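Okay, structure first, notes after.
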Amino acid sequence: MLEERVKNAIRDVPDFPKKGIIFKDITTLLNKGELFSEVIDYFGEKYKDIDFVCGIESRGFILGAPIAYKLKKGFVPIRKKGKLPSTTAAEKYALEYGFDEIEIHIDAFDGIKNPKVLLVDDLIATGGTAEAAVKLLKKLNADIVAAAFLIELTFLDGAKKLKDLGINVDSLVKY
C-alpha cells in the first residue's frame, strides 16, 4: 500500500526546529526515485481535470512542479512576501508569534477566467498557510478543485480550516 511505504520512507527528526517538535523529513522519501514517482502519479491520476497546479513555498514546489509536468499543466508558485518580481496579490496569516504573508502574481493564470486549480504542499499542520493560500487564490477567482498534501498532522486539525472554506482536502499520509 502506497500510504504505508510513504510513511516508512519519511524520517522523524526530534526537536527540530525547536524542542518538543517531531519534524517530518521528506528528503528521505524524495531520494527514493521510484517511490517519489509513485507519489506524483498518485496525485496526477486523481486531478487530471485542472488548469494549473499551485505550490506553496517551498516544499509545495517540490511536489507541485512534477505534478504539473505529469499533467502538462502550468505551475504557479505561491511565495513568501517580496519574492515575486511582478505585481502581486497578497494574503496575511497568523503565526504562533506575529504574522507572515504570501503572494501570487496577479496574472498567474494567463488570462483564464475561473481556472481550475490544484493547491499543493508537503504538509498541513495548523492550516494557517494553506488557508491563506486558498483565500489568495479566491481573490484571483480560482476554482480550487482540491488542496493536496503529502502529510496531514490530524491532531492539529488544520484540514478543518480548509474544509470550512469548502475545499476538498486530500492527504496521502496522516499522523
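The values are calculated or read from the model by the stated rules, or taken from the named source; none is laboratory data. Quantities reported herein were computed from a predicted structural model and do not represent experimental measurements. Cβ placement follows ideal geometry from the backbone for every residue including glycine, while neighbour counts extend to all protein chains displayed.
Structure above, values below:
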{"quantity": "Residue check, Ala133 over 14 Å from Phe52 (Cβ atoms), in contact with a strand residue (DSSP E or B) (Cβ under 9 Å, 6 or more places away or on another chain) and small (Gly, Ala, Ser)", "calculated": "no"}
{"quantity": "Members of the stretch 119-174 found to be in contact with a helix residue (DSSP H, G or I) (Cβ under 9 Å, 6 or more places away or on another chain), hydroxyl-bearing (Ser, Thr, Tyr) and under 21 Å from Met1 (Cβ atoms), listed by number", "calculated": "Ser171"}
{"quantity": "Single match in Tyr47, Tyr42 (criterion: within 18 Å of the chain's Cα centre (by Cα) and either of a type in the set (A, V, I, L, M) or closer than 24 Å to Asp107 by Cα (or both))", "calculated": "Tyr47"}
{"quantity": "Selection within the stretch 126-174 - acidic (Asp, Glu) and without any contact (Cβ under 8 Å) to a residue 12 or more places away in the chain", "calculated": "Asp164"}
{"quantity": "Residues of the stretch 130-152 satisfying the condition of being surrounded by fewer than 23 Cβ atoms within 10 Å (Cβ to Cβ) and assigned to a strand (DSSP E or B)", "calculated": "Asp143, Ile144, Val145, Ala146, Ile151, Glu152"}
{"quantity": "Test result for Pro17, modelled with pLDDT under 95, touching a strand residue (DSSP E or B) at 6+ places or on another chain (Cβ under 8 Å) and either at negative phi or not hydrophobic (A, V, I, L, M, F, W, C) (or both)", "calculated": "yes"}
{"quantity": "Residue in the stretch 127-140 that is modelled with pLDDT of 95 or more and over 20 Å from Leu165 (Cβ atoms) present", "calculated": "no"}
{"quantity": "The stretch 90-145: number of residues that are under 30 Å from Ile21 (Cα atoms), out of contact with any Gly (no Cβ under 7 Å at 6 or more places or on another chain) and among the polar types (S, T, N, Q)", "calculated": "1"}
{"quantity": "Residue that is surrounded by the fewest Cβ atoms within 10 Å (Cβ to Cβ), among those in the stretch 153-175 that are of a type in the set (A, V, I, L, M) and assigned to a helix (DSSP H, G or I)", "calculated": "Leu156"}
{"quantity": "Check on Asp170, under 17 Å from Ile67 (Cβ atoms), touching a Lys or Arg at 6+ places or on another chain (Cβ under 6 Å) and not polar (S, T, N, Q)", "calculated": "no"}
{"quantity": "Residues (farther than 21 Å from Tyr42 by Cβ and either touching an Asp or Glu at 6+ places or on another chain (Cβ under 9 Å) or small (Gly, Ala, Ser) (or both)) located in the stretch 141-159", "calculated": "Ala142, Asp143"}
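Quick grid of which residues meet (1) within 14 Å of Arg5 (Cα to Cα); (2) of a type in the set (Phe, Trp, Tyr); (3) in a helix (DSSP H, G or I); (4) modelled with pLDDT under 95:
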position: Lys24; (1), (2), (3), (4): no, no, no, no
position: Thr28; (1), (2), (3), (4): yes, no, yes, no
position: Glu34; (1), (2), (3), (4): yes, no, yes, no
position: Ser37; (1), (2), (3), (4): yes, no, yes, no
position: Asp41; (1), (2), (3), (4): no, no, yes, no
position: Glu45; (1), (2), (3), (4): no, no, yes, no
position: Ile50; (1), (2), (3), (4): no, no, no, no
position: Cys54; (1), (2), (3), (4): no, no, no, no
